[in-house]
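The values are calculated or read from the model by the stated rules, or taken from the named source; none is laboratory data. Note that this is a predicted model, so its numbers are computed, not measured. Cβ placement follows ideal geometry from the backbone for every residue including glycine, while neighbour counts extend to all protein chains displayed.
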There are 2 protein chains.
Amino acid sequence: MAPVAPVLPVAAHEPPYYAVVFTSVRTEEAERDGGYGSTAERLGELVQEIPGFLGEDSAHTPGGLAVTVAYFRDLAGIEAWRQHAAHREAKEHGQAHWYERYALHIAKVEHSHGFQRARG
Amino acid sequence: MAPVAPVLPVAAHEPPYYAVVFTSVRTEEAERDGGYGSTAERLGELVQEIPGFLGEDSAHTPGGLAVTVAYFRDLAGIEAWRQHAAHREAKEHGQAHWYERYALHIAKVEHSHGFQRARG
């Protein structure tokens with residue numbers, strides 16, 4: 001089962017922190033699930049154990065692009081997640097089965113702010 | 001009409017460049033369109049005229065989160081876009097009608113890479 005999208009975007013944090021932008025086009029196998037959903041859900045739990053992980057935002061246009069942004073306090077957290085055994089295994093499986101293509105951008109946040117609608 | 005999601009994610013660029021991450025939860029009015037789609041399409045054309053604009057990736061989980069990442073070569077381009085009259089007008093209208101909440105993160109990309117499936 002695909003993970004349910006969170007209702008709230010991750011709030012702005014006090015800079016500096018890092019945003020890891022992962023954009024992808026999934027294969028038909030992943031769009032049909034093919035184990036994608038359960039792995040994504042499991043990784044979504046594991047990443048929360050990484051020191052300095054601040055949260056993540058994810059969206060997927062059905063049949064189109066998927067964009068996930070994970071926020072970390074520092075590069076050490078990003079590196080710890082990159083080397084995490086379950087993450088590495090999923091990456092290998094993903095390259096073989098789930099992704100037509102993807103791009104990864106690791107970026108240091110210099111400014112952020114949020115907006116929330118006033119309640120009537 | 002809502003803009004069609006691009007088939008390809010924006011490729012990795014040579015750093016440094018900037019990623020502007022915009023995450024939002026739309027109102028029911030925007031989910032029903034309410035002018036959202038045509039404005040988004042028009043802004044998607046206008047931003048391409050901004051010097052240093054490199055491209056953008058956008059995804060929207062129906063009824064859930066929307067994540068758009070726009071890439072610029074430098075902060076001057078981001079500032080030019082922020083001050084663009086049509087963009088400012090859309091932002092005002094968006095705060096009044098289209099967004100329950102959003103967060104904006106402006107981040108300098110330090111590293112990026114891409115993956116593309118080999119053709120059989």
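Here A:58, A:38 are screened, and the one residue that is buried (at least 19 other Cβ atoms within 10 Å of the Cβ) and under 21 Å from residue A:97 (Cβ atoms) is A:58.
Against the criterion of being more than 11 Å from chain B (Cβ to nearest Cβ) and touching a helix residue (DSSP H, G or I) at 6+ places or on another chain (Cβ under 9 Å), residue A:98 does not qualify.
Checking A:8, A:43, A:54 one by one, the residue that is facing chain B (nearest Cβ under 8 Å) and either of a type in the set (Lys, Arg) or more than 22 Å from residue B:13 (Cβ to Cβ) (or both) is A:8 and no other. Out of the stretch A:88-117, which residues are among the small types (Gly, Ala, Ser) and under 15 Å from the mean Cα position of the chain (by Cα)? If the condition is that a residue be among the small types (Gly, Ala, Ser) and under 15 Å from the mean Cα position of the chain (by Cα), then A:90, A:94, A:103, A:107 are the ones that fit. Here residue B:90 clears all of (1) part of a helix (DSSP H, G or I); (2) touching a residue at least 60 places away in the same chain (Cβ under 8 Å) except the condition numbered (2). At the interface with chain B (Cβ under 7 Å from one of its Cβ atoms), within 25 Å of residue A:36 (Cβ to Cβ) and at pLDDT 95 or above - does that describe any residue in the stretch A:71-93? Within the stretch A:71-93 (the criterion being at the interface with chain B (Cβ under 7 Å from one of its Cβ atoms), within 25 Å of residue A:36 (Cβ to Cβ) and at pLDDT 95 or above), the answer is no, since none of the residues qualifies. Scanning the stretch A:76-87 for residues that are surrounded by fewer than 12 Cβ atoms within 10 Å (Cβ to Cβ) and either under 14 Å from the mean Cα position of the chain (by Cα) or hydrophobic (A, V, I, L, M, F, W, C) (or both) returns a single hit, A:85. Each residue in the stretch A:53-81 was checked for being in a helix (DSSP H, G or I) and in contact with a Gly (Cβ under 7 Å, 6 or more places away or on another chain), and 2 pass. Whether any residue in the stretch A:105-118 is touching a strand residue (DSSP E or B) at 6+ places or on another chain (Cβ under 7 Å) and either on the phi > 0 side of the Ramachandran plot or part of a helix (DSSP H, G or I) (or both) is what I want to check. Looking for residues that are touching a strand residue (DSSP E or B) at 6+ places or on another chain (Cβ under 7 Å) and either on the phi > 0 side of the Ramachandran plot or part of a helix (DSSP H, G or I) (or both), one finds none in the stretch A:105-118, hence no. Taken over the stretch A:11-30, the residue count meeting the criterion of being of a type outside the set (Phe, Trp, Tyr), touching a helix residue (DSSP H, G or I) at 6+ places or on another chain (Cβ under 9 Å) and more than 7 Å from every other protein chain (Cβ to nearest Cβ) is 5. For the stretch A:30-52, which positions are free of Cβ contacts under 8 Å to residues at least 24 places away in the same chain and either part of a helix (DSSP H, G or I) or among the polar types (S, T, N, Q) (or both)? Matches in the stretch A:30-52: A:45, A:48, A:49. Taking the stretch A:69-81 as the range and being closer than 23 Å to residue B:26 by Cβ and in contact with a helix residue (DSSP H, G or I) (Cβ under 9 Å, 6 or more places away or on another chain) as the test, only A:70 passes. The residues of the stretch A:61-70 that are surrounded by fewer than 21 Cβ atoms within 10 Å (Cβ to Cβ) and modelled with pLDDT of 95 or more amount to a single one, A:68.
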